[in-house]
1. Quick one: grab Rg to one decimal and Dmax as a whole number for region 552-630, Cα atoms only, in Å.
2. Counting just the Cα atoms, what span does region 393-449 cover along each of its three principal axes? Round to the nearest Å and put the largest first.
3. What order, most packed first, do the peptides 445-455, 628-638, 247-257, 469-479 have when packing is the mean number of other Cβ atoms within 10 Å of each residue?
4. For region 96-287, with only Lys/Arg (+1) and Asp/Glu (-1) charged at the beta-carbon, what is the dipole magnitude about the Cα centre, in debye rounded to 20?
5. Loop-only check: which trypsin sites (Lys or Arg not before Pro) in region 83-121 are DSSP coil with at most 14 other Cβ within 10 angstrom?
6. Which shape class applies to region 343-412: rounded if a/c is under 1.5, otherwise prolate when a/b exceeds b/c and oblate if not, where a ≥ b ≥ c are the square roots of the Cα gyration tensor eigenvalues?
7. On a straight-distance basis, which aspartates and glutamates could pair with K448 in a cross-link, Cα separation under 18 angstrom, same-chain partners fewer than 8 positions away excluded?
8. Average the reciprocal distances over every distinct pair of alpha-carbons in region 96-287, invert the result, and give the Kirkwood radius in Å.
Amino acid sequence: MKTRQFWNRINSVSSGVTSIFSSRNRPFYRRIWFWASLGIGSSIGGTIIGLHYFIGIIDQNLPDASKLKVTSRAQTLTIKAIDGTILQQQGEATRERLRLEEIPEQLQQAFIASEDRRFENHHGIDPQGILRAALKNVRSQTVVEGGSTITQQLARILFLKQEQTIWRKLKEVRLAHKMEQELSKNQIIERYLNLVYLGSGAYGVADAAWVYFSKSVDQLTLAEVAMIAGLAPAPSLYSPVQNPTAAIQRRNIVLQRMYEDELITAAQRQASAQESLNLNNNFPKRLQVQSPYFASYVLQELPKYVSPDVLKQGGLVVETTLNPTWQQAGEAAIAKTLKNQGRWQNFTQGSLVAIDPRNGEIQAMVGGKDFDKNQFNRVTQAQRQPGSTFKGFVYAAAIASGKSPNDSYLDAPVVIDDYEPQNFGRTFRGSMTIRDALTRSTNVVAVKVLLDVGFEPIINTARNLGIQSDLQPTYSLALGSHEVNLLELTNAYGSFATQGLYIEAHGIRRILDRYGQVVWSNDFQHQRVLDPTSAGIMTWMLRHVVEAGTGSPAQLKNRPVAGKTGTSDESRDLWFIGYIPQIVTGVWLGNDNNRPTSGGSGSAAIAWREFMEKAVEGMPIEKFPERPKLQGRVGSIEAQPIKPKSIQHRSLSAATNQPSPPTANVTRSSRRTRRRSQPQVANPPARVSSPPRQRRTVQPDAALPAKTPRPSPPVSSGSSPSKPQPSWRERLRPGSTASD
């Protein structure tokens, strides 16, 4: 339409000229003025058409108007906590983003005076500024002033590469014009001041104030403001760290321009120009990482949810599930436990993970003692023997197969195909129910239940609940001899809290691109993996573990808690996995080199309680569902009993007079105290130790025996007597208990 109007105007002008210069003797098309006018008009029209076409080609290579309001660089990756707190940034990232009203007006004026004095008057391109800069540069025979406006610089920062080509400059000019149409001047200057690179790893004025002066922007002096503003054209050349003389010269130029623009007085200019740099250097805040174990885990998970091309494009914002308050509580709990119990129980590492079982969101993750010294994440990467915590899956399969928690088993010495399970302290209690066996963490009963239920149902139950690590059909499976990691073990217990519903544990809610568009969103769904009745019975049984068993150190005031302790052979791994309806939390303590400890799972339960007391502050108390009816139950899975080649049952009376060997958790002093405090009885009860047996070769699936002065049979630890005897050190520390 515009082209047609233009040609109509050309025709009208041509007609007027023709009427003036034509004569009756000559036709108009033979007059020279006609052809001259036609040529000029055609040239102008062709130029306009060509310019429109060329602009169209440029626009095809530029982002559309909807993407011009982006506020981050393309090369950045930002990981945020659930409350928006930045956990980690990678690439050319601005850590501390400020609103315009948070940036001092004097700092804004300094950048405008230094970089774009006609910022308020132009529309993206400043021909006057370009001409003025060119003249100054010619006179000085060096580059003293640039011609790019602040809008052009912002366009270059956000959308263009830094190559020096005519094509890039044309795109920059066109982008600046489009940005002026879409954004206000305040929006442009705010984005610019937050994104401009100012050297030494600082992106934006807030980062620069911190890196050079260890200050916030509202604490900067006029001299410091001018120095920061002077860095924009060439951060390396004017770096106060590398070239302090050049930095001072550039600062004084900015002060002079501010004076010329009547932004400061002559006295202010003179006083500031005489100041030294007064640097107080610091590391860029973007290099600081909050919750580094969790942030590292999120980075490892990203490729599961977005393609390599999307990752390569950058500019992503990852919204995670981390609760900063819970995270701080978890870090404090592990640090306190390592400092207190760890020193005298000989463990140097610990980990913790807390998950909301209702949606699978990981809200706290402590992967170890010190990420700077060791980046190994003991929540997700450490494969350790779970000990008695695995019994939760053994009994869950048993209950699901139709067994009652009141079914009785004989806790007595037994040898199954040359495998002899042993209880903690090598003591036996005779007949006991499944519920009591779980409460007391009795090993022999757990193995006997495994025989009745079968390998496959137990392994399948563990798999369905979320255990992904390799599990083999061995008798020691019942006692947690196969390695798992803390994340999968904790999340599996979360399915008990949700009445048999499983959801994958995850740390990411959404992933956004730099334009704010959702690239990926969490759509994890619950799956029924255990019937509600069996899950309810398991919670009822696990509550008893905390109320009257090995998990008693984990009790919370006025809150019902369900959970299970676990200890591997020689106390190499100390566990507690516990939950309330809203949170399931797992704790592991031990040593990276697998060195035995002298502690017990009670220490893990104490760390669990330390964390949970902070996490539940202000959280409403929720009760667990009532225990389902036990009468008339029908199993939801089918048991597949195991038929061993041989089973040798030993009577309790045969071992009556055999004393229990010392355990790792009992010192000589405590044993003497116990002997003095125990009354002498004529007929000892059935709770006695197993008789001595000849040494034989240990099968691969059997746990190694504890080192004792005499030969001993293979022992699988992980359970405790009903009243474990603490050492003298444990008795001196309030709330301490022996291991399970």
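Read-outs throughout are calculated quantities, based only on the coordinates presented, and are distinct from any laboratory measurement. Keep in mind that this is a model prediction, so the values were computed, not measured. Neighbour counts are summed over all protein chains in view; Cβ atoms, including those assigned to glycine, are modelled from backbone coordinates with ideal geometry.
1. So, for region 552-630, Rg and Dmax equal 14.4, 47 Å respectively.
2. The Cα atoms of region 393-449 stretch 28, 22, 16 Å along their principal axes.
3. Going by the mean number of other Cβ atoms within 10 Å, highest first, we get 445-455, 247-257, 469-479, 628-638.
4. Rounded to the nearest 20 debye, it is 680 debye.
5. Those that pass, being in a loop and sparsely packed, are R99, R118.
6. oblate
7. Straight-line reach from K448, under 18 Å: D407, D411, D417, D418, E420, D436, E456, E638, D701.
8. 16.9 Å
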